[in-house]
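One structure is given below, encoded as structure tokens.
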Amino acid sequence: MFTSLKNHFLIAMPSLLDPHFFRSVTYLCEHTEQGAIGIIINQPLQNLRLGDVLEIMHIPTDYPEIDGRLILNGGPVQKNRCFTLHNKDRNWQSTLDISDTIAFTTSTDILQAIAQNQGPSQSLIALGFARWAAGQLEQEVANNTWLYGPANFDILFHMAVNRRWRAAAALMGVDIDRLSDEIGHA
């Protein structure tokens with residue numbers, strides 16, 4: 001029987017060495033029998049800030065605090081597109097509701113509003129996303145590649161990105177630093 005992990009965190013096990021997902025926390029935006037999509041929420045891009053992205057997109061801003069906001073590496077798919085995770089306090093052109101409080105938007109109207117300091121009160125902006133084909137995520141979970149559990153609003157929007165991996169695992173009652181990075185099967 002299929003169980004959706006939409007609105008859950010996927011926490012990479014220490015044994016997952018793929019550089020795209022090493023020590024990552026991915027917020028699952030959609031998960032159906034056809035596959036899953038998510039945004040990695042703890043990998044900031046080191047040489048890029050929101051002001052750089054807005055400039056490339058020809059979206060002006062007069063707010064230095066917006067210019068300096070982090071941009072996340074959301075995953076290896078469509079790395080040239082912006083994806084915004086945000087609280088649901090307003091409607092945008094291309095939005096997918098994930099939960100009662102969280103949505104995922106792909107349209108530029110949200111970026112224009114953020115640039116003018118009129119965007120959602122809570123948001124994360126990422127370039128790219130992660131995608132799994134039908135059955136792929138379920139197989140990876142069965143192979144102990146990922147821990148998973150319900151997402152947490154505070155970790156998603158209020159916690160420093162470098163603390164999210166351990167904090168998301170702790171939500172599941174796991175001290176991830178105590179887990180082996182060796183893969184084993186009984």
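Every residue in the stretch 58-73 that is under 17 Å from the mean Cα position of the chain (by Cα) and not charged (D, E, K, R), please.
Within the stretch 58-73, the subset under 17 Å from the mean Cα position of the chain (by Cα) is 69-73.
Listed by number, the residues that qualify are LEU70, ILE71, LEU72, ASN73.
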Subject >> Identity of the residue in the stretch 4-20, within 12 Å of the chain's Cα centre (by Cα) and under 10 Å from TRP146 (Cα atoms), that ends up surrounded by the fewest Cβ atoms within 10 Å (Cβ to Cβ) >> reply: ILE11
**OP:** Could you check GLY119 against (1) touching a helix residue (DSSP H, G or I) at 6+ places or on another chain (Cβ under 6 Å); (2) within 30 Å of SER15 (Cβ to Cβ); (3) surrounded by 18 or more Cβ atoms within 10 Å (Cβ to Cβ) and say which number it fails?
**Re:** (2)
**OP:** May I ask you to list the residues in the stretch 102-136 that are over 29 Å from PHE22 (Cβ atoms) and among the hydroxyl-bearing types (Ser, Thr, Tyr)?
**Re:** SER107, THR108, SER121
**OP:** Kindly indicate whether ASN87 is over 13 Å from GLY38 (Cα atoms) and either of a type outside the set (Asp, Glu) or in contact with a helix residue (DSSP H, G or I) (Cβ under 7 Å, 6 or more places away or on another chain) (or both).
**Re:** yes
**OP:** Take ASP154 and decide whether it is part of a loop (DSSP other than H, G, I, E, B), surrounded by fewer than 14 Cβ atoms within 10 Å (Cβ to Cβ), more than 13 Å from the chain's Cα centre (by Cα) and not basic (Lys, Arg).
**Re:** no
Original post:
Is it the case that the stretch 24-44 has a residue that's under 18 Å from ASN143 (Cα atoms), under 13 Å from the mean Cα position of the chain (by Cα) and not in a strand (DSSP E or B)?
Top reply: yes
**OP:** Being of a type in the set (Phe, Trp, Tyr) and over 15 Å from ILE41 (Cα atoms) narrows it down to one of TRP165, TRP132, so name that one.
**Re:** TRP132
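Do you know which residues across the stretch 122-143 are part of a helix (DSSP H, G or I), in contact with a strand residue (DSSP E or B) (Cβ under 8 Å, 6 or more places away or on another chain) and either surrounded by fewer than 22 Cβ atoms within 10 Å (Cβ to Cβ) or among the charged types (D, E, K, R) (or both)? Even if it seems obvious, please write down each step before you answer.
We begin by selecting, within the stretch 122-143, every residue part of a helix (DSSP H, G or I); these are 136-142.
Filter again for in contact with a strand residue (DSSP E or B) (Cβ under 8 Å, 6 or more places away or on another chain), leaving 136-137, 140-141.
Hits for the stretch 122-143 are GLN136, GLU140, VAL141.
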**OP:** Scan the stretch 37-73 residue by residue and report those that are surrounded by fewer than 20 Cβ atoms within 10 Å (Cβ to Cβ), among the hydrophobic types (A, V, I, L, M, F, W, C) and touching a Gly at 6+ places or on another chain (Cβ under 9 Å).
**Re:** ILE66
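Laboratory data are not the source of any read-out in this text; all were calculated from the coordinates shown. Everything numeric in this text was worked out from a predicted model, so none of it was measured. So basically every Cβ, Gly included, is an ideal-geometry build from the backbone, and we count neighbours across all protein chains shown.
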